[in-house]
Every structure is written in C-alpha cells, then in structure tokens.
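Throughout, read-outs are computed from the coordinates displayed, never taken from laboratory work. Here the structure is a predicted model, which is why all the values come from computation and not from measurement. With ideal geometry, Cβ positions are generated from the backbone for all residues, glycine too; neighbour counts draw on all protein chains shown.
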Amino acid sequence: MWQCPQFLFAIMGVIINITVVVSYWLGTRYVADSSDPIGIYLVALIVIALALVLFVLAFIITQSFERLSQASRLKTEFISIVSHQLRSPITNIKWVTEFLISPDIEMSPDKKEEYFKQLKDNIGLMVELVDDLLIISKIEEGLFPINKKEASLRDIVKGLANGALPYAQAKGIELKFNESKDSVTALFDAAMVKLVAENLIDNAIRYTRKGGKIEIWTEKEDGKLIFKIKDEGVGIPYSDQKYIFQKFFRSSNALKEQTKGSGLGLYIAKLIISKSGGSIWFQSEEGKGTSFFFSIPIK
C-alpha cells in the first residue's frame, strides 16, 4: 500500500493541509496581532509559500517513489520473462543430453545427429538471447556508444540481401533487392544499422511462407536514407501492432509460425535507430504481409 504513489500523495496532502492550518493559527496567535491587517497578510503569504514548498517536496518524493516502484516492477517482470525464455532451451538441452548419455538407449548415427542438431539449436537460442540482453543493457545505460562514420546504406543492405539469398531460396521464397542508382553516404554506425537491417531481413524470411516474395529498397528522401522491406508473410494482427516494439513481445500468429525467437529484435532495432537520430515504423495486415521502414539522417 505504501508503494502506491497516489496513496502516498494523498497522505502527504493531508499532512500539508494540517501543517498549513496549524502554521496559520500559530502565526495569527503568536506572530501577528489579529487587529493588524498587514501582519495577517504577511502570515498568510508565509503560510502560502510554505504550502507551495511542501507541495513541491511532496511531488518530488511521490515521483521518486513512483520511479522506484516502476523499477521494481520492471525488474520483477524482466526476471520472470528471462527465466521463461531460458527455461525452454535449458530444459530441452537437459532432456536431449540425458537421452544421449543414457546407456539403455540405442540409436542410429542419423538419430544421434538429429539430437546433436537440437542441442546446437537450443544453445544458439540461449546465446542469441544473452547477446540481445547485453546489447539492450549497454544501450539503455549509455555504455554502447554509437560510432558514426561515413558509410553507404545501399552497400550494406546489398551485402545482407546477397548473404540471405541462399536462406530464402532454401525456403522457396523469392528475395529481391531493388538497387538504387546512386550510393548516397551518410554518417551513422554501420555495424549497428547493419544489425537492424539484418534483423528485419531475417524476420521477413522467417515469417514468409513457401512461394512468397520479399522486396528490399534503399532510397534517399528529404535529407534521409530510407530502408524498406516488404514481405508476403503472416502479417501482424491489428490488436498486436501497438506492442510490436516492446521488449519480449511476439505477436500471437508469429508464435504459431515460429516458436524460436526472443522478442527482442525489434526492441533493439528501435533503440539503435533512435540513438542514430532516425525513426522506424511499419505497415501490416494480417495474412497479407508486412512492410518495415527505417530512416537515418544524411547529415
């Protein structure tokens, strides 16, 4: 109850009102003569000033308690979510390991290879989650500096698209990079922006079904470099769209398509693009696909 800022503010309001009334009574009784209007006005002004100071202090204290309460709540949620995210791969690793080392179970080399692949996938998932958490922690605490150097967004994205082509083809997806004629350079952290573009391309391939198409563009517009990727994937339900950049959030239909994923990629992307002075947004319709965009200033 005492952690509730509204309740605390109400209690402090009562205390302030009592303090004001008592101060005015003491002032008129012992400081100013009741027959002296100037003295009464002076006491009133002092009491009003005291009340304002007390209200400011109450507001500051309440805000401090609110921040502490929010930090405590976020810490609890963070621990709960991370524990949930790690529990599944750890459990799978435990079961597969026990199965592989059991002397009572015989299996073919192909079956062993399948189980070792499961181990590798689950370990990779844990490493990805830990890496994402470290990046988030450093960016949020200001310990992850954005090292801006002149670079070409087109060249970065072209390299990523070429690298992702075999992955897309293996899933039966057409991946097309619409290369612009001019390679405009800008000052930005190439490694960080590359991480954002790579994440968006990976998501597009991951959530697009066989036979689908993905198109990627880089453009110059209004003093900004624009990245755009359009897929024919599962799309994002309208009810989920307002949460899409939140930490650990994954839409309901995405969970049906892909059980793997930390729900941190888009949160990291938003952090990086915001730190770079740009913006990130999307358009989506469930069942028809999604387009993601981000911009970074040229100067």
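Placing a pseudo-label 7 Å from each Cα along the Cα-to-Cβ vector at residue 299 and residue 220 gives an inter-label distance of 1.3 nm. Given labels modelled 7 Å from the Cα in the Cβ direction, how far is it in nm from residue 184 to residue 239? Calculated label separation equals 4.1 nm.
Legend: calculated FRET efficiency, residue 149 to residue 107, from the Cβ-Cβ distance at R0 = 45 Å, rounded to 0.05, equals 0.30. Between residue 131 and residue 283, the modelled labels are 3.2 nm apart [label points 7 Å from Cα along Cα→Cβ]. Fewest-first ordering of 185, 218 by other beta carbons within 10 Å of each residue's beta carbon gives 185, 218. When both the range 91-119 and the range 216-246 are represented by their alpha-carbon centers, they are found 41 Å apart. Ranking of 207, 167, 238 by neighbouring Cβ atoms within 10 Å, starting from the fewest: 238, 167, 207. Taking 0.36 nm per residue of separation and subtracting the Cα-Cα distance, full extension of the segment from residue 123 to residue 141 would add 3.8 nm.
In terms of other Cβ atoms within 10 Å, 48, 229 run from fewest to most in the order 48, 229.
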